[in-house]
Amino acid sequence: MSDAPHNMTRRDVVLRGLGAAGITAFAPSLAWAQGRSETLLVVQELGPNSLDMQGVGSNQTVNGLSWNCYDRLLSYASKTLPDGTVSYDREKLAPELAESWEVAADGMSCTFKLRKDAKFARR
């Protein structure tokens, strides 16, 4: 099989389709959840219309997708609620890719110091 999509033959498409069907057939046996109480089911009316959450016209679903797929400079800190549940503290920031940050005196910009082990994806 060729790795280049523009060189795919009908045979390649059929073989890949059969492979996907085979994986789908065995997927239920690969699930780790022991019961319904350990299974997360997410149902949404629509999907993301982009992978760029800063893009013009990106919908709310893009924010959820990007939150789970991309690393951020900062995130919300966590806090424990009275019932013991851990939640985001939307009044405090915590570092992710940024090791530290400094807000300018005029409040109009920030300077971030990145972690030394931060990696950038290459295309």
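The values are calculated or read from the model by the stated rules, or taken from the named source; none is laboratory data. Please read these numbers as outputs of a predicted model, since none were measured by experiment. Virtual Cβ from ideal backbone geometry, glycine too; neighbours counted across all protein chains shown.
Structure values in brief
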quantity: Candidates Asp12, Asp52 - the one that is among the acidic types (Asp, Glu) and modelled with pLDDT under 70; calculated: Asp12
quantity: Tabulated pairs, the range 104-115, first among the hydroxyl-bearing types (Ser, Thr, Tyr), second surrounded by 11 or more Cβ atoms within 10 Å (Cβ to Cβ), C-beta under 8 angstrom, 6+ apart or interchain; calculated: Thr111/Trp101
quantity: The range 95-113, subset surrounded by fewer than 13 Cβ atoms within 10 Å (Cβ to Cβ) and hydrophobic (A, V, I, L, M, F, W, C), residue nearest to Trp67 (Cα to Cα); calculated: Cys110
quantity: Subset tally (residues that are in contact with a strand residue (DSSP E or B) (Cβ under 9 Å, 6 or more places away or on another chain) and either in a loop (DSSP other than H, G, I, E, B) or farther than 23 Å from Met53 by Cα (or both)) for the range 79-98; calculated: 6
